[in-house]
Amino acid sequence: MKKKFSITENGNEKSKVKKFFQKDFSQAIIFAIPMLFLAVFLLYPLFMTLLRAFWTPTEGLEFSGWSLEGFKQFFTSNLYMKSLKNSFIVSISVTFFSLLIGIPMGYFVARVKIPCKKLILSLGILPIIMPSFVGAYTWVILLGNKGVIRVFLNWLLGPLGITVPSIYGMFGMILCMTLTYYPFVFQLSYGAFAGANSLLEESAMLMVQREVE
């Protein structure tokens, strides 16, 4: 009896192992590969950067104790504080101008019957798929110190005392980043306006008008 029971138990274990290896692990592998990539090249560097911010500053990479000396150096340095201020100015300005361009553009393309709508949609995607260095080099050619458009505008507006700033500096960063990131706002806004039912919006407007009357 014991021998038969052991044979049956071994057979059940072999069948479980066989069923386990017969399972389809393709979905798990496809999901695990990008997650592993993100963990190694994104999450780990971010975690180590955050962790090292609380280490005592040293010349080497070895751990020398916990400290807030790095934060003290950052907030007491004029260079770092100026960099932080400029970062906030650029980020807020780019966000504002991207919304200012992208949302109205998405609304008009989605709701208003305008010619060449497909062409506008295609051109709206172009800055997303185009390499960033191509756009940067293009703006340097157009609005650099000897840029074609800048030289022409300075010649045209020079008698009025107006000078177009160079692409190098705060103005150029805000301009180039706005024209790089507004297509994301445009695509999201276009999808939202195109997917929303305009009849519901018109009904809501009529209801509000009746309540006012």
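Rule-based calculations on the coordinates, nothing more; no lab input. None of these values were measured; they are calculated from a predicted model. So basically every Cβ, Gly included, is an ideal-geometry build from the backbone, and we count neighbours across all protein chains shown.
Extension gain, residue 36 to residue 64, is 7.1 nm, computed as 0.36 nm per intervening residue step minus the present C-alpha separation. With a Förster radius of 35 Å applied to the beta-carbon distance between residue 168 and residue 123, the computed FRET efficiency rounds to 0.85. Relative to the current alpha-carbon distance between residue 133 and residue 96, full extension at 0.36 nm per residue lengthens the span by 11.0 nm. Here's how it looks for residue 55: its modeled amide H is under 5 Å from those of 67, which are all 5 or more places away or on a different chain.
Run a plain Debye calculation on region 29-107 (Cα atoms as equal point scatterers, no solvent) and give log10 I(q)/I(0) at q = 0.22, 0.25 Å⁻¹, rounded to two decimals, same order as the q list. Normalising to I(0) and taking log10 leaves -0.98, -1.06.
What is region 81-138 by shape, rounded, prolate or oblate, if you read a ≥ b ≥ c off the alpha carbon gyration tensor as root eigenvalues and call it rounded for a/c under 1.5, prolate for a/b larger than b/c, and oblate otherwise? Since a/c reaches 1.5 but b/c is at least a/b, the shape of region 81-138 is classed as oblate.
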